[in-house]
Amino acid sequence: MATFLYKLGRLAFRRRWWMALIWVALFIGAGVAASTAPKPPADTFSMPGTESQKAFDLLDERFPETSADGATARVVVRAPEGEKISSAKNKATVEKLVDRLGKAEKVSKVDDPFKAGTVSKDGTTAYATVSYKVTGTELSDENKDALTETLEDTRKQGLTVEAGGDAVPTEQQMGGSAEMIGIAVSAVVLIITFASLIAAGMPILTALIGVGIGISSITALGSTLELSSTTSTLAMMIGLAVGIDYALFIVSRYRAERADGRTPEDAAGRAVGTAGSAVVFAGLTVVVALSGLAVVNIPILTKMGLAAAGTVVIAVFIALTLIPALLGFAPRRTLRRKDRKKPVGVPFNDPNAKPKLGTRWARFVLRRPLIVLVFAVVGLGVVAAPAAKLELGLPDEGTYAVDTTQRKAYDMLSDSFGKGFNGPLTVVVDKDKGAGAAAKDVAKTLKKFDGVVNVTPAAPNKADNAAIMTAVPSTGPSAAETEKLVKKIRSGLGDVEGKTGSEVLITGQTAMTIDFSQTLDDALIPYLALVVGLAFLLLMLVFRSILVPLKAALGFLLSVLAALGAVVAVFQQGHLADVFGVDQPGPIMSMMPIFMIGVVFGLAMDYEVFLVTRMREAYVHGERPGEAIVTGFTHGGRVVAAAAVIMISVFSGFIMEDDDMIKMMGFGLAAAVLFDAFVVRMAIVPAVLALLGKSAWWLPRWLNALLPNVDVEGEKLHKQLGDVNGGAAPYSDPERELQRVR
C-alpha cells in the first residue's frame, strides 16, 4: 500500500493542476446538483419492532383523519392574578383565540378547553391542543410565525399565553457561531503548529471542500434515498473533524521529509506513502464505527451513520490526492520562514537543537512508566465513576432554556395540572369489532394502577375496530417512575386483553422515548463489540501485533467511560451546573453514548494510528523499543496534540449554546477527545509500550503468515528507494529540482 500511495502522491504533485481542477469540478458539480435537487423528505422517526411504533402505525391506519404524525401545539393560557380563566371576559378571549387558531392554514382541529375539560382545578389555567395536517418539519416559517403572532395578540389582552409542541418555532439551532469559533481556533492552532499561513490553511481548506462535497451530495440524493435534512448533522461534524486531522498528518509528514533533505516531489510522495497509509486505515476504522450504527435498527441513525461514513471516505481521498497537489503549488511556502532559504535536497534538521516537548515527555514516561500508567488509569477511573448511575432519556421541553415559550408552557402545565400532563400516555385498543366496549374495560383497569391520575373516555373510530384514550401519569415524562409505570401497565394488561379479546398498545411521546432509550441501551453492547472487534482486526493488520490493538481498544473504552462519567456528573447530577449554564439537570440524551462512541472512536483511532505507526516504523527500521517511542513522539506528538486541541475547540464551541442538549453533546465530545488524546494516547500508550518492550510487537508466526502484509510503515517502500537506514532518496536530483522550484 505504501508503494502505491507513494506513486499516487508523486502523480498528484506533478499533475497538480489536473488534480485541483478535478476536485473543484466535483465541488461545483455537487453544489449544482444539491441546488437543483427536489426538496428532501421531511424528518420521519420510526423504531421498527417496538410497541410504541406498532401502536403509532395502527393509529395512522385506523384514525387517518387525526394525522397521527401531524404537528401539534399545546397552547396554555392563564388568567391574571386573582381572576379565573372561566370569567366572562377571559372566557371570551380564550374562545376568540381558539377560533383564530382553528382558522390558521394547515390546522386540522383545535380542542376548546372549556368543552374538552382541560381547565385546571383552581380555575386559573387552561390549555388547547392544536393539531396540524402535516408534520412539524413540513410546516413553513409562515405557519409557525402565524402561531406566534396569534399568541402575542392574546397576551396584549391581559392573559399569560405560552405554547409547546413541534409546531412552535424553536430559538436554539445547532451551528452558526459555534462552528465559526471552532474553525477560527483551528486556524490559530495550525498557524502556531506550522508557523506558516499556507501550511495552516491547507487542512482547513481541504476539510471545507470535503464537507461541502459530502453535504451537497447528501442533499442531492435526499429525495432519491429518502435522506432528510438532519441526516447531514453527523456528517458535518465528523467530516470537519477528520478532514482537518488527515490533512494535518500528511502536511506534517511532508515537512518532516523536507527537513530530512528530500526534494518537494519526493517528500510529497513519501508523506502520502507513509502518513497516507495511516490515514487510510484510520479512515477505515471510522467508516466501520459509523456504518455499525445500522445494528441499532433505527432507520434515521443508520442513514446518518452511512452519510457520515461517505463524508469520511471523501476526506480520505482528498487527503491522498488534493493535499499533495496543493503542496505542489507551494512546495517551499509550507515550510517555516527560516527553512525556506535552505538548499533543496540538503537536510536542515539541527541535531544539536533542544529536544521538543514531545521528546522530553516521552523520555519522562520511559523513566517512570508504571507511575504514569497508574496515575492516568486511576484518574480516568475516578472521573468515570458517575457513569455507573447513567440514566438515559430524550430531551423534552422541560430541558429548554427558562426564557423560552416552550419551557414556560411546560412549567405552567406542571404547576396547574401536575407533572404527568407533560407526558401523557396514548392507549390504543385494537379489536376486529367492538373496540369501544372493550376500551371501557381497559380504562377501568388502567385507573387501578398506582401512578395513573386520570384516564380520558375512550374514542372509537367509525369502524369500531380501534379505540384511543389517554392515561395521565403522576410523574413527569423523564422521571424514572414514569418508565416503571409504562412497563408495569404493559405487563399488567394481559387479563383484560384476554377477557375482551383485544390487544392494548401504549404509545405517545413518553412511551416512544422509553422505547427509544431501551432500543439504544440494548444495542450498545452489540455495537461496541462490532466496532471494537472489527477495529481490532484492522489495527492488527496495521501494527502486526496483538497487544498494541488490544491496548488501543481498552484505552478507547476507558476514555469514553470517563467522558460519560463527566457528562453524568454535570448534566444529570448537577455538579458544576452553574459553571456550564445547565438549567435543568436530568437524564442523559439516549443517543449520547452511541454518538460519542461513533465520533470519538474515529478520532481516537486517528491519533493512535498516526502516533504508533511512526513508532512501528522506527522499530522496523532498527531502533530499540524505547527509542522508537521517543521517535514517534518527536515526529508525531505535536501534531496529535494540535489535532486534539482543534477538535476540543470545535466541540467546546457548542457548550456556549443555550440548549442543554447541544451543551451536552459539545461537552461530552470535547471531554472524550481531551481524555483520549492527552491521557490515553499521550500517557497510557507510551507507558504500556515501555513496560511491554519488544513484547508489544509480538505476533504468533502462524498468524503472521495468515495476515496480509499491508506495509503501512513503508518498509518495502524504503527498500525500493534504497534508504532503509536513512540514506538519500535515489529519485532526488537537487540541482534539477531547485531549477524547477525556482
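Bear in mind that the values in this text are calculations on the coordinates, not laboratory data. Treat the numbers as computed from the prediction; the structure is a model and nothing was measured. Note that each Cβ is placed from the backbone with ideal geometry, even for glycine, and that neighbours are counted across all protein chains shown.
Before moving on, here are some points about what is shown:
- Local electrostatic count, Ala437, Cβ distance below 11 Å [Lys/Arg +1, Asp/Glu -1]: +1
- Fewest-first ranking of Val453, Val24, Val251, using other Cβ atoms within 10 Å as the exposure measure: Val24, Val453, Val251
- Test item: Cα-centred dipole of region 68-164, Lys/Arg +1 and Asp/Glu -1 on Cβ, debye: 420
- Between the residues Leu139, Ala562, Gly494, the greatest Cα displacement towards the positive end of the dipole of the chain, with unit charges on the Cβ of Lys, Arg, Asp and Glu, is found for Ala562.
- Kirkwood hydrodynamic radius over Cα pairs of region 254-346, then Stokes diffusion coefficient at 4 °C and 1.567 mPa s, in µm²/s: 86
- Between the Cα long axis of helix 197-220 and the first principal axis of the chain there is an angle of about 40°, rounded to the nearest 10.
- Ascending count of other beta-carbon atoms within 10 Å, so fewest first, for Leu541, Leu248, Leu326: Leu541, Leu326, Leu248
- Degrees, to the nearest 10: 232-259 long Cα axis against longest axis of the chain: 10
- Working ranking of peptides 136-142, 464-470 by packing, defined as the average number of other Cβ atoms within 10 Å per residue, highest first, is 464-470, 136-142.
- Cα-centred dipole magnitude for the chain, charges only on beta-carbon of K, R (+1) and D, E (-1), debye, nearest 20: 3240
- Here the simple spin-label model places points 7 Å from the Cα toward Cβ, and for Arg337 and Lys356 these points are separated by 2.1 nm.
- Euclidean distance between Cα centres, region 361-383 to region 85-131, Å: 64
- Working from Cα pairs under 8 Å separated by at least six residues, relative contact order for region 68-164 is 44 percent.
- Take each peptide in 672-684, 399-411, count the other Cβ atoms within 10 Å of every residue, and average; sorted highest first, the result is 672-684, 399-411.
- When the Cα positions of Leu373, Trp702, Leu425 are compared along the charge dipole of the chain, Trp702 comes out farthest toward the positive end, with charges on each C-beta of Lys, Arg, Asp and Glu.
- Distances between every pair of Cα atoms in region 68-164, grouped in 10 Å steps from 0 to the bin holding the largest one, split as 16, 52, 26, 6, 0 percent.
- When only Cα pairs below 8 angstrom with a gap of at least 6 residues are kept, region 602-687 shows a relative contact order of 29 percent.
- Spacing of the two label points (7 Å from each Cα toward its C-beta) at Glu149 and Asp122, in nm: 3.5
- Lys106-Lys499 pseudo-label distance in nm [points 7 Å out on the Cα-to-Cβ vector]: 4.4
- Cα-Cα separations in region 425-507 greater than 21 Å, expressed as whole percent: 22
- Where the alpha-carbon atoms of region 550-685 are placed on the principal axes, they occupy 57, 25, 21 Å, in descending order.
- The length gained by stretching the chain between Arg15 and Phe27 to full extension, at 0.36 nm per residue less their Cα-Cα distance, is 2.5 nm.
- Fewest-first sequence of Asp112, Asp606 by Cβ atoms within 10 Å of each Cβ: Asp112, Asp606
- Separation of alpha-carbon centers, region 1-60 and region 591-627, rounded to whole Å: 26
- Degrees between helix 625-652 axis and first principal axis of the chain (Cα, 0 to 90, nearest 10): 30
- A dipole drawn for region 378-445 from +1 and -1 charges on Cβ atoms has a positive end, and of Ala435, Thr405, Pro395 the residue lying farthest that way is Ala435.
- Label zone at Lys389 (point 7 Å along Cα-to-Cβ), backbone N below 18 Å, region 550-571: 561-571
- Within region 470-589: Cβ-based charge dipole about Cα centre, in debye rounded to nearest 20 (Lys, Arg +1; Asp, Glu -1): 440
- For the chain, adding -39500 (n - 2.57) for each run of n ≥ 4 DSSP H residues and dividing by the number of residues yields -20000 deg cm²/dmol at 222 nm.
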